[in-house]
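Just below is one structure, and these are the notes that go with it.
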Amino acid sequence: MIIADGLGGRPTDLNGKTCLQAADTPEIDGLLAKRGAGGLMDPIGNGVRPGSDTAHLSLFGYDPYKYYTGRGVFEAAGIGMNLTENDVCFRTNFATIDKDGNIADRRAGRISEGQDELEEALKGLKSEKFPEVEVRFKRSTEHRGALCLRGPELGGNVSPTDPHELGIPIPDSTGQDEASKKTAAVLNEVTKQARDILSDHRINELREEEGKLPANAIISRGSAKYPEIPSVEEKYGVTASVVAAGALYIGVARVAGLEYKPVEGATGTVDSNILNKAKMAVSELKGGKDMVFVHFKGADNASHDHDAKAKVKYIEKVDDTIGWLKKNLDWEETNISFAGDHSTPIKYGDHVADPVPALIAGPNVRRDELEVFNEYSCMKGGLGRFSGNLLPMTLSYSDKLPKFGA
């Protein structure tokens, strides 16, 4: 199952065409023409504007309205934090607070060095008011990180300390119920502690001497409890791996029970070595895994940057990688699905509710009459228009989907 993040577009992308239409994609088209069927997929449902986290839950066959608790838990799982049902997790940023106590930069100048030392300094975070709560912080890439609170009677319905604004102090978090009020109180404590610890850290002193913004605070958002979710092995009876670079996508997959397989050169950007991802996927299948989920991020990055040419170039890079897969997969045994997780038009630069093109190809798939793969051709595809559930559909063609009922 291959997801090209942000694949879908609109005719406002590039001279009346979507970027997928404008791209040269003979290998992807060939999957349809020789082995597959296409259609349009609403990642969650018709008219629902998807986040990447909720979209992937839906694509895996999990109802996001039932299982989604927030993004923080996926970010934490994605960077390797061990989680339990007693955790409440947050996405965090290193941020810059000015001399007046206001947020000057939410990303601390996109800090790119010294984060390990700052993480080490924050290992001493603790709650004086609720000493039974364990506090853990782990940095991710650049300014990003995750904060997890573990303890009894913690709730996830709390407000963020990241206001998405500049020129104001870090706001206090508030909770919507008693358990969440306890969480908010701990979060406010450790936010203030982190400010004290980081304000005179040598890394920040050096940054200021060099004219860089100090990373002298952490701000948090995306509060989430660990979801009670069955693994794909429990749900579908299959073993599975994930090959991805972004913490969010790794985290969603890990929570669903997939084994993470790191790849050299995978960065989650337009420059990522996605061929190595394909090679790892084939290795996992040959090694006995029933299914591999592969995530390609670059098209979404280009879309958010309003860069149509970069998106076209990246889609063509994906096409080359699909070509390598076609030569190296056992097509007597392998079924492959390919789609976006949402549409991200160039002009708008963010996720929209438009459906995305999707295809499934393999020895068991009834071919339709499509010869090319894009948002327009797939309107006429044999898969029709459907919502989410791309993984169980793929497993069905592979004769691995459990029966519902007697």
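Taking each DSSP H run with n ≥ 4 as -39500 (n - 2.57) and averaging over every residue of the chain yields -9500 deg cm²/dmol at 222 nm. Each of the peptides 281-291, 240-250, 367-377 was scored by the mean count of other Cβ atoms within 10 Å over its residues; in descending order, highest first, they stand as 240-250, 367-377, 281-291. Dipole magnitude for region 288-347: about 300 debye, using +1 per Lys or Arg Cβ and -1 per Asp or Glu Cβ, origin at the Cα centre.
Along its principal axes, the chain has C-alpha extents of 64, 53, 38 angstrom, given from the largest down. Quick check: pseudo-label points 7 Å beyond the Cα along Cα→Cβ at E142 and K347, how many nm apart are they? Output for this residue pair reads 2.7 nm.
Relative to the Cα centre, the charge distribution of region 128-227, modelled as +1 at Lys and Arg Cβ and -1 at Asp and Glu Cβ, gives a dipole magnitude of about 340 debye.
Of the GluC sites (Glu not before Pro) found in region 160-261, the ones in coil according to DSSP and having at most 14 other Cβ atoms within 10 Å of their Cβ are E165, E210, E228.
Highest-first packing order for the peptide set 270-277, 122-129 is 270-277, 122-129, based on the mean count of other beta carbon atoms within 10 Å.
Hey, what did region 1-104 get for relative contact order, percent, Cα under 8 Å, at least 6 apart?
11
Radius of gyration over Kirkwood radius for region 124-225, both on Cα atoms: the Rg/Rh ratio is 0.99. Each of G167, G382, G72 was placed along the dipole of the chain (beta-carbon charges, centred on the mean Cα), and the one lying farthest toward the positive end is G382.
Separation of region 343-370 from region 24-44 is 7 Å, based on Cα centroids.
Taking label points 7 Å from Cα along the Cα-to-Cβ direction, K126 and E371 give a separation of 7.1 nm. Pick out which of H56, H342, H143 has the largest mean-square fluctuation in a Gaussian network model of the chain, springs linking Cα atoms closer than 10 Å. Of H56, H342, H143, the most mobile in the Gaussian network model is H143. When a 1.4 Å probe is rolled over the protein heavy atoms, the share of accessible surface on the chain that falls to carbon and sulfur comes to 46 percent. Compactness of region 167-243, taken as the C-alpha radius of gyration over 2.2 N^0.38 Å, stands at 1.71.
The reciprocal of the average 1/r between distinct C-alpha atoms defines the Kirkwood hydrodynamic radius, which for region 74-193 equals 14.8 Å. Taking every alpha-carbon pair under 8 Å whose residues sit at least 6 apart, region 72-140 reaches a relative contact order of 22 percent. Cα-based radius of gyration for region 20-71, normalised by 2.2 N^0.38 Å, reads 1.50.
Annotation for region 114-178 versus region 180-217: alpha-carbon center distance of 11 Å.
For the chain, the relative contact order works out to 31 percent when only alpha carbon pairs closer than 8 Å and six or more residues apart are counted.
Each Lys and Arg Cβ is given +1 and each Asp and Glu Cβ -1; about its Cα centre, the chain then shows a dipole of about 680 debye.
The values are calculated or read from the model by the stated rules, or taken from the named source; none is laboratory data. None of the values given here were measured: they were computed from a predicted structure. Note that each Cβ is placed from the backbone with ideal geometry, even for glycine, and that neighbours are counted across all protein chains shown. Calculation scope for accessible area: heavy atoms of the full protein, side chains included, ligands and nucleic acids excluded. Shrake-Rupley method; radii C 1.70, N 1.55, O 1.52, S 1.80 Å.
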